[in-house]
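These notes concern the structure reproduced below.
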Amino acid sequence: MTIRNWIKFFFTALLIGGFVTAVVGLIVRWEFFSQYLSNGEYGQFIGVFLWMIFLGFTMSVVAQMGFFAYLTVHQFGVNIFKTLTLWNWVQLLIIAIVLFDLIFFRFQLTSGETGRTLLYLGLLATLVGVSAVTAYFKAKWTKKHTLISALFFMIVITTLEWLPALMVRSGNIDTWVTILLFPLLAVNAYQILALPKFNKQSDEDKVKLEERRKARRKSANVSKAK
């Protein structure tokens, strides 16, 4: 990918993270935001809203680091297991382990917390649902064998990026666990679906650049001949 296209890729993902976090944060924490509006403290409201956007920028950077780390891991996986088929089976096994870990260890649900159980099961359904849809379109728009890899990235890598929020056990953590999942999903879905487009554009830009260089060299040679 060329530097220009990488910059476009980076800042688009950054804006997606900021926008999604701000919108979801406004919805989930409306009681907190509404008190500033009801009291006429519009400056405080804007300040907190901008802080949510900045938080989204941070989550976008985390997601982008995770994405490029996954690209390296994926290549290592293919090389170690020799065939993509075997690596896909390994990825499916890891997906199953991660989902099991989420349900039985990370969520720490109890029978006396019906509301919290429904919240976390809803978040799990969102994670799996968005991942499945993203993987479907990835396979449809590129190649069928990318389905498992896309599903692995969306579930496993997103969960790893989400893990710090899940491990905190103090304060209004359920709210933040909810808010932080959505920018990670949005940015990761964008990255895995948009990357081929940016790579293709980069290849076209390189061809055009080489053509311009050849044209300049030809023009220079003609000038020397004269």
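Worth pointing out:
- Being touching a Pro at 6+ places or on another chain (Cβ under 9 Å), open to solvent by less than 70 Å² (accessible area, probe 1.4 Å) and not in a loop (DSSP other than H, G, I, E, B) is a property that does not hold for LEU195.
- Considered as a group, the residues in the stretch 86-107 that are modelled with pLDDT of 90 or more and over 21 Å from the mean Cα position of the chain (by Cα) include one that is farthest from VAL156 (Cα to Cα), and that residue is LEU86.
- Pair list, Cβ under 6 Å, 6 or more apart: the stretch 37-56 residue within 14 Å of VAL23 (Cα to Cα), other residue β-branched (Val, Ile, Thr) and surrounded by 12 or more Cβ atoms within 10 Å (Cβ to Cβ): MET52/THR21; LEU55/THR21; GLY56/THR21
- Output for the stretch 27-45, where each listed residue is in a helix (DSSP H, G or I) and within 20 Å of PRO183 (Cβ to Cβ): ILE27, VAL28, TRP30, PHE32, PHE33
- Every residue from the stretch 57-86 that is aromatic (Phe, Trp, Tyr), in contact (Cβ under 8 Å) with a residue 24 or more places away in the chain and over 17 Å from MET1 (Cα atoms): PHE57
- Residues that are open to solvent by less than 30 Å² (accessible area, probe 1.4 Å) and without any contact (Cβ under 8 Å) to a residue 40 or more places away in the chain were ranked within the stretch 1-36; the one that is farthest from ALA186 (Cα to Cα) is PHE33.
- Residues that are aliphatic (A, V, I, L, M), in a helix (DSSP H, G or I), at pLDDT 95 or above and out of contact with any Pro (no Cβ under 8 Å at 6 or more places or on another chain) do occur in the stretch 5-14, at least one of them.
- Members of the stretch 170-191 that are touching a residue at least 40 places away in the same chain (Cβ under 8 Å), open to solvent by 10 Å² or more (accessible area, probe 1.4 Å) and not polar (S, T, N, Q): ASP174, LEU180, PHE182, ALA186, ALA189, TYR190
- Positions within the stretch 34-56 being in contact with a Ser or Thr (Cβ under 8 Å, 6 or more places away or on another chain) and of a type in the set (A, V, I, L, M, F, W, C), in sequence order: MET52, ILE53, LEU55
The values are calculated or read from the model by the stated rules, or taken from the named source; none is laboratory data. Model, not experiment: these values are computed from the prediction. Every residue, glycine among them, receives a Cβ derived from its backbone with ideal geometry; neighbour counts consider all protein chains shown. Heavy atoms of the whole protein, side chains included, go into the accessibility calculation; ligands, DNA and RNA do not. Shrake-Rupley method; radii C 1.70, N 1.55, O 1.52, S 1.80 Å.
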